[in-house]
Structures are given as C-alpha cells and as structure tokens.
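Below is one structure, written out as structure tokens; comments come after it.
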Amino acid sequence: MRALVNQRFITLAVLAVVIAILPLIFPSSYYFRVASLVWVSALAAIGLNILMGQAGQVSLGHAAFFGIGAYAVAIGPTHLGIPPWVAILIGALLSAVLAYLVGRPILRLKGHYLAIATLGLGVLVALVITTESRWTGGPDGMPVERLSLFGWRVSGSYTWYWVTGGLLLIGTWIALNLDETPTGRAFRALHDSEVAAQVVGLDVARFKLQAFVIAAVYASVAGSALAFMNGFINPDQAGFLHSVELVTIVVIGGLGSVVGSIVGAAVLVTLPQALTVFQEYEHLLLGLIIIVAMIFMRNGIVPSLSALVFRRARS
Amino acid sequence: MSILKATDIGISFGGVKAVDGVSFSVTPGQILSIIGPNGAGKTTLFNIVSGVYAASRGSIQLANEDVTGLAPHKLAARGLSRTFQNLQIFQRMTACENVMVGRHLRENCSLLPALFRTPAVTRQNRETRTAALDLLAYVGLKDVADVPAGSLPYGACKRLEVARALAAEPRVLLLDEPAAGCNAVETEEIDHLIRQVADRGVAVVLVEHDMKLVMKISDRILVLERGRPLAEGTPREVRDDPRVLEAYLGQHGAREAARA
Amino acid sequence: MAEFLQFLISGLTVGAVYALVALGFTLIYNASGVVNFAQGEFVMLGGMVTVFAAAAGVPLPLAAVIAICAAIAIGLLLHRFAIEPARGASAVTLIIITIGASILLRGLAAIVFDKQFHKLPAFTGDTPVDMLGAAVQPQSFWVLGGTAVVVLALYIFLEHTLLGKAVLATAANRLAARLVGINTTTIMALAFGGSAAIGAIAGILVTPITLTSYDVGTLLALKGFAAAMLGGMGNPVGAVVGGMLLGLLEAFGAGYISSTYKDAFAFLVILIVLFAAPQGLFGRRAVERV
C-alpha cells in the first residue's frame, strides 16, 4: 500500500521535474510549441486511457469531445460574449452531458459494435461542426480570442508551455488518484470480467458511463487548451483521424498506463514534426511506424519496456 | 423460514429446455447441494438465480421479496453472492484487489472524492484492504495477496472466488463447483470453509461433482436430470433413491449397486 | 415519381459500392477476426491504378486487370507483413495496425500518383438512359451489374467449392478448422487477396461516376464498416443488404431532407439501429456463456 502511494508521488514528481527542466535545453520557441502540443495530446489521451485501458471500452470518436471543447472557447466568446475561461467550463459541461446522454445506449454495445457506434458519434459531431459554418466558420475553421484570466493575457508559446504543463500535471494527478479507489477498481474489474463484476454488486452500466464522461471531460479541456494556444481552430480537430490519433497514442503508450499515454503522445506528436523533413514521405513513414510499433510492442511502449527492464533486473 | 426460494424455474435455448420446472428453497445456515450428471442444468439454474440469465418461467424470492428478473448487481445488493464454475476472476488485478472489489457494496464510491483522493477515500481504502486481507487469510491466500490473480494456480483461484463472494457479506452464497480441480487436501479445506460459512448463518447452495464432499456437508440435496428435478431429500434419502442411482450409473449399474 | 426513381437509382448505385466494401470487410473479418480499416484503400487503388495505367496508353480492360492484380498484391503484402506478424494481438491493436496500413497506403498513393482528382471515361458512353422520366447514367448499370456478378461469384465460390467451404469453416471456428487440416493462414491470405480484389473492382466501376483521388478510402471504409455493422458483422448477405440500405438512405435523405448532411445519415441510422438492435439487423443474438 505504502509502495503504491509512493509510486503515485514519484510519477508526479518525475513529470514535474521533466516539465521544469525541458525549457533549459530548448533552443527556440518552436520547441516550446511542440512540447505544449505533447502536453495537450497527453491530457486527452490520459482521459481516453481511463475509458480504454481501465474500463476496457473502445472509443473511436473521442475527438468529438476534443472538438466540442475547442469550439466552445471559439464560439462562446466570439458569438455569445461569454468570458473565455467560462467557455472552458461550458465546453466541459457540454461534453459531459453529451457523453452522459449518448453513453447510456452506446455503452451497452460490445467490441466492434461499440467501436462503430462511437465512430458514428465522432463523425456526426465533426459533420455538424463542418456544416454549421455560420457558427463555426465551416471547413476553414475560425479564430479564437485570447484567453485572459483576471486581466492576465495568456499568450505566447512560453506561457502556454507552462499552462499546458500544469494542466497535464493536474490531469495526471487525478488519473493516478482514481486508480486505487472503489471507482478505479470497479473500472478494472468490469474490464476483466463483466459478469463477475455484476455479481459482486457493481452497476456495470453506471461505471462505464462514469468512465466515458471522465474521458469526455479530459478531451474537452484539452481541446479548449489547444484552441486558445493556437488562436485558431478547424474541424480536423474533431475528425476521425484525430480520434484515431488519440486511440493510437493510448495503445502505443500502453493501455492502462498513465505514463504510457504521456510517452505515446510524445512519440506521436513529435514524430510528424521530425518527419516534416521528409515532407511528402510523412504519411508513409507515420503509417509504417504505427504498424511496426504495434507489431513489436503490442502491449505498448511503457509496459513493454518496463517488462524488459524487470526481466533484465531479475536475471 | 426460507431465505431463498425458487419456484418452477424454466428456461429454453433454441427449443431445448435446459431447465424445466425446478423448485428449491434454503434457510439461513443450511447447505443445499444441487447434483446431477453433466448437462443436467445445474450451472444454468445458478445463472438464472443470480440474474445472469432471464428465466422464461418461474419466480424467485429472496428474503420474502419477489426478485424475479432483477439484474445481478441488484440481487447482490440484496445479499446474493456467487462463484463461477469457469473461473471469472479479475486476472489483471491482485488477489487482494479482487477481494476488495467484492467489498464494493460495503463501500462509499462517489466519484468526486475518488478523483481528488480525499482523506476519507484513503481511510476507506485502508479499511477495505484490511477486511480483504482478513478474508484472504480465512481462505488461506494471505501470502499471495499482492500477486496478480492471473498468475495464481487453479485451486487458489477457486478459493479466491469464494473470498470475493464472501467479501460482500452475503445472506445467500451460490458456489459452483468450488472443489473442481482441487486435490484431496484442498477439497478438505474447502469443506471446512463451507461449513464455517454456513455456521455463520449464511444459506449455501452448492453445485458439486465431488460426491464425498456433497454427502458429507449437505443438509439437503436436489438431484437434476436433463433440466428436470429427479429427487430431493437428505443425503441418505438421495443416496438410497434407485432413480438417482440409475441416472448416475445407468440401469445396469443401478442393479449392480442395488445388489452390492 | 421521376424524382423518386432518380434517387432510387443513384441510391442503389452508391449502395452497390458500399455493399462491395462491406463484403470485403466481412470476408476478412470472417477469416481472421480483423476489422480491416484499409478496405477503402483497395477501392482507391482500383480506381487510381486504372486511371494511371489507362493514361499510360494501356487499353481500359487491361488497365482494370492490372489494377485488380495490384490491389491483390497489396492485400497479400498487408496480410503477410502487417497482420500475420501480429497474430494473437488484441482487437484494438489489430484495428490500429490496419489504420496504420491505410495511412501508409494513402501516403504511398500520394507519392506514386498525385494528389489530384481523377476521372475514368464511362465504359459505354455518357448518354443518359431515360427510365420512366429519370435520367440514368449507363455507368450505373455497370456498377449494379458488376456488383451482382461479384456477389454471385463469391456465393458460388463459398457454397460450391472445397476451398470456399474451407473459408466458411474457418469463419465458423478457426481452431476446429485447423484441427481438420485446413491451413488457416492460407485461408486468411486468400481472404485478404479476395477482398482486395473486390475493393478494386468497386473502385474501377465507380470511378467514372464519383471521381477518385489518393484519399477517397477513409470515408468509404467508414461507410463500408457501417454497412457491415448494419447487416450484422460477419454476415455476407447482411453486408450486401446493409450496403444497399445505406446507399438508399443517403440518396433519399440527401434528396428529400438535406443534402448538406448527406454523410450524416449513414451514421445516424447506424446509431439508431444499434440502440434498438445491438447485434445489427441480421446478427444473431448470442447468449454469453459463463
């Protein structure tokens, strides 16, 4: 027990130190931007990992919630005069409500049926965003007003590095908290055996729904952060390929591993940046890397590596 | 005063009547065994009683309330617990965590305190773990408390399921072949365990193939054959019933046994 | 009436393509349990290879054959180098592998070909045929006829050849099939090759109507997947019916309700169907054994 508490503390401390010292080796503001992108993607992935890794439910449409968070902070201040920071909360609330309403019928489905239903949800949200151009600017996207908190204008890649890093720390802390609680155990239990979870008294539907709502709120907050950071947003952020990217981050990093989601995000966000050197070969290489990573590290990078280290240490 | 009463239960799968007109009841502290050849419908009956399958006919009463068709988790909340013939343990969780999940109904699991890990959550977690460790000690698994359940041997998993079922402090416990795959010593241990549980006032319904165990600990026995009730009575009555012998040994065997 | 007929024909035409994609999905899913998100890329390859072969001066029928062979080769390579090495991985892992393959193939097509839209000439001219007041493109008949031929050929293969029966046996129970001496790896390769061919045929048939480019695969794969689900995953008849239904829904939805939300109908209907019948329209409801 004590060991587990310490592990949680150590993980958070290491993450905080990494966030704190990275700027010392960053040569330009470009690096701050890329790192902020990693933190934002990691935040969304950690939430999705609670749903996929802990509770064992797939979502192939999770970018929908990312998009809702992003467009909430774009539309709220621009069209409705809502203060930007309130718009973040409204986006999170909208995502939670949508997840709650749709989750009830959807989460009864299993396996591939759940996959297509969540995929459908994602495509529908993306279509609405693309089509309702009066509000969203359509396929071209729309600008986002700067975030200001109590008179402090949050802008610049250096500032956003710290804001997104802080958000990631909070998100990591909450996800780690959840693990050793009745709710966290319920998630993992229903993942392993739904029928056994039911007969010990777990309301399986309720817990799946909780995991779905938590994951939706994480994605929404991440979406809001990205929209503010970029000062611009387009429907791709809510699209199928972004959903796939989030799922890939979770799986490549390691299902059920909070650290894995951060590592997965680091890999999947920085790779395309590095690959832009190869320009037109970018997609080809990205596809290749996904395939190779999944074949040789099918349990994800972090669990595969820790198993390897563990084996080395023992032998 | 029966705590669990099943009346005229029936279910069919694709026209085959897997269970057909079975009734039974147990009182607190009583051990009722359900026996019968393979395919007699014992596990199916368990699945109906625990709410996993919906019966096509019949009714179930738990503590004098009609609970027919209630979802498994609602039955659990009313004091019904069970184990599975084909293990259904939480493989990726430790033995201790498995039992802690069993304590679920005794825990407060609001979401917000869990997300922020309030002191109350930490305290409750500690209490649950202590209770789970006690139960693991009770079934002789204390040494493997922090081992992933997926890597435990078969017999240990069987006992782990019993511990998990007991963690909910049930009034009725359904045990599906708890001694299957266990050696003589382990079977002996399970025998003691079941007796102890019953002595605490828990009604136990047992499906088991080990006849020695069944004859030794049962208060009553219900015999099923091809989904239908064949005989019911005390171990002695059932043992001497020629129909039971015939079902188990065939006509020829029954005659042999009668002569012996 | 003419308007209705117009929507009906265009719905059936698009539906036929969805049906072929769904059929390809089903074939691979049955043989290997893999949901192949690269299925749409086979359709893209069929169209693109034909376009570029034809542009290089190859006669259209020969270009089509080359395209089908190319798709089959890609399908076999996909199986050999991406699916086979990952045998035993979880469903999600396999889905991500096929998504990776689809990104890879799209990237490859953008390099080998280009990022422009391309058109094939209609097989038998562009003069619309008048049917009860509806103007029907002759190519629609090619699409519908071609689909019918593919479905029929697949049916005969599965029901009346030994190899086809081995495919069915593998679909029903992979372990049992292996125990009676069926080489399930060969069967899986066959399924990937076959479904690549089906996808390519769909791409060749429909390119004169809808145009093609390196990135048409994604949406087609999503809709084919939706169609396969609609019919009940793993059921070939369901896949064809599901595809046709989806095409009709889109055509009538776009015609009578809103054309801007054309792509939404498919997914809206999928959600509604899954809410009401969680196993799809033709799927069997399985009792979970515990």
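Each value in this text was obtained by applying a stated rule to the coordinates, not by laboratory testing. Treat the numbers as computed from the prediction; the structure is a model and nothing was measured. Every residue, glycine among them, receives a Cβ derived from its backbone with ideal geometry; neighbour counts consider all protein chains shown.
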Which whole number gives the average, over all residues in B:86-92, of C-beta atoms from other chains lying within 10 Å of the residue C-beta?
5
Mind jotting down the distance between the C-alpha centroids of region A:147-190 and region C:59-129, whole Å?
41 Å
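So for region C:2-276, what percent of the C-alpha to C-alpha distances run longer than 31 Å? All intermediate terms of the calculation are to be shown ahead of the outcome.
Values: 9081 of 37675 pairs.
Everything past 31 Å amounts to 24 percent.
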Just checking the output field for B:38-47: average partner chain Cβ neighbours within 10 Å of each residue's Cβ?
1
Run down the lysines and flag those whose C-alpha is under 22 Å from the C-alpha of residue B:17, throwing out any fewer than 8 positions away in its chain.
B:5, B:42
Within 10 Å of each Cβ of C:166-174, how many other protein chain Cβ atoms are there on average?
0
Quick calc, region C:163-290, dipole around Cα centre from Cβ unit charges on Lys, Arg (+) and Asp, Glu (-), nearest 20 debye, gives 520 debye
Between A:91, A:37, A:230, whose Cα lies farthest towards the positive end of the dipole of region A:2-245 when Lys and Arg beta carbons carry +1 and Asp and Glu beta carbons carry -1, centred on the Cα centre?
A:91
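Pull out a ≥ b ≥ c, the square roots of the eigenvalues of the alpha-carbon gyration tensor of region C:108-219, then state rounded if a/c is under 1.5, prolate if not and a/b is larger than b/c, and oblate in the remaining case.
Oblate.
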How far apart, in nanometres, would the label points at residue C:165 and residue B:92 be if each is projected 7 angstrom from Cα along the Cα-to-Cβ direction?
4.2 nm
Is it possible to state the helix-based mean residue ellipticity at 222 nm for chain A, with each DSSP H run of 4+ residues giving -39500 (n - 2.57), the sum divided by total residues, to the nearest 500 deg cm²/dmol? What is it?
-25500 deg cm²/dmol
Tell me, what is the percent relative contact order of region A:2-245, built from C-alpha pairs under 8 Å that lie six or more residues apart?
41 percent
If you count, for each residue, the other Cβ atoms within 10 Å and average over each peptide, how do C:10-21, C:162-173, A:59-70 line up from highest to lowest?
A:59-70, C:10-21, C:162-173
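Only four residue types carry charge here, +1 at the Cβ of Lys and Arg and -1 at the Cβ of Asp and Glu. Report the dipole size of region B:88-169 about the Cα centre in Debye, rounded to the nearest 20. Could you put the intermediate results ahead of the total?
Values: 11 positive and 8 negative charges, 20 e Å.
So the magnitude is around 100 debye.
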Taking only Cα atoms, what is the 0 to 90° angle, nearest 10, from helix B:154-167's long axis to the longest principal axis of chain B?
70 degrees
Kindly work out what percent of the DSSP beta bridges joining two residues of chain B are antiparallel, to the nearest 5.
55 percent
Cross-link candidates for residue B:74: which aspartates and glutamates have Cα within less than 18 Å, leaving aside residues fewer than 8 places away along the same chain?
A:194, A:203, B:65, B:66, B:107, B:169
From the square roots a ≥ b ≥ c of the eigenvalues of the alpha-carbon gyration tensor of chain A, which class results: rounded (a/c under 1.5), prolate (a/b over b/c), or oblate?
rounded
Taking a label point 7 Å from the Cα of residue C:215 along the Cα→Cβ vector, which residues of region A:114-134 have an amide N closer than 20 Å to it?
A:120, A:122-133
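Within 10 Å, count the other beta carbons around each residue, average over each peptide in B:85-96, C:227-238, and list them highest first.
Details: B:85-96: 20.4, C:227-238: 25.2.
Per-residue mean Cβ counts within 10 Å order the peptides as C:227-238, B:85-96.
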Mind putting a number on the dipole of region C:2-276 about its Cα centre? Charges go on the C-beta only, +1 for Lys and Arg and -1 for Asp and Glu, and I need it in Debye to the nearest 20.
700 debye
Limiting things to C-alpha atoms, what are the Rg and the maximum Cα-Cα separation (Dmax) for the protein assembly as shown, in angstroms?
30.2, 99
Mind checking which lysines have their Cα closer than 17 Å to the Cα of residue C:262? Skip sequence neighbours fewer than 8 apart in that chain.
C:223
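May I ask you to derive the relative contact order of chain C, considering only C-alpha pairs under 8 Å and at least 6 residues apart, and to give it as an integer percent? Don't skip to the end; give the middle numbers.
Numbers: 473 pairs, mean separation 106.9, N = 290.
This gives 37 percent for chain C.
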Which whole-Hz ³J(HN,Hα) couplings does region A:111-122 yield from phi under the Karplus relation 6.51 cos²θ - 1.76 cosθ + 1.60, θ = phi - 60°, glycine and proline marked x?
x, 5, 5, 5, 4, 5, 5, 5, 4, x, 4, x
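Sorted by packing (mean other beta-carbon atoms within 10 Å per residue), highest first, where do A:104-115, A:181-192 land?
Details: A:104-115: 19.0, A:181-192: 25.4.
Packing proxy ranking, top to bottom: A:181-192, A:104-115.
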